[in-house]
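Here's the structure we're looking at; comments come further down.
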Amino acid sequence: MQQQQNEGGTGRCLCGAVTYRFEGRPSSVGLCQCERCQRQSGSAFLIGVVFPMEAVTIEGRLSTYESRESGDGALRRHFCATCGSAVSITLDRYPEIRSMMGGTLDDKSSLQPSFAIWCSSGQPWLTLPANITCHSDYPDGTFGQ
Ligand SMILES: [Zn+2]
Ligand SMILES: [Zn+2]
């Protein structure tokens, strides 16, 4: 029996105080190498696993850092209040979607990023595989659809 596209999955922060589950498969998976995501992740990029808002159920206490980065309304970075793990991002600009941070999924075996944004500010040593489309900035709709 083939796995149905409704399979869904689970994830959690480092300490386990925040857990979540999702229905179905992500609508897209992309990397962000912008300066802000590098700072928040403490790493070279952030992995955005995009779901319809209603597909994800989160349990536990998230803290939120809200910023306005582009003039298109707030971007909210939700993180575990206990261990600080980045868990999710939501945007005023795309209220119908929610990005989960790729490192928090329990099963990462099927994650396949198809694009990266803000490659122009990427760390100089980083070369992504050829099957990941690199955008120098943030073209409309890359994460939004
Ligand atoms: Zn935690
Ligand atoms: Zn970013």
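Counted over the chain, the DSSP beta bridges are approximately 85% antiparallel.
Over the chain, what is the relative contact order in percent, taking alpha-carbon pairs closer than 8 angstrom and at least six residues apart? Show your work: numbers first, answer last.
Working: 301 pairs, mean separation 37.0, N = 145.
Computed over the chain, the figure is 26 percent.
Label separation (ARG39 vs ARG68): 1.7 nm, computed from points 7 Å beyond Cα along the C-beta direction. Taking only the alpha carbons of the chain, we obtain Rg and Dmax values of 14.7, 48 Å in that order.
Any read-out appearing in this document is the output of simple, stated calculations on the displayed coordinates, not a laboratory observation. Predicted model only: the values in this text are computed from it and were never measured. Every residue, glycine among them, receives a Cβ derived from its backbone with ideal geometry; neighbour counts consider all protein chains shown.
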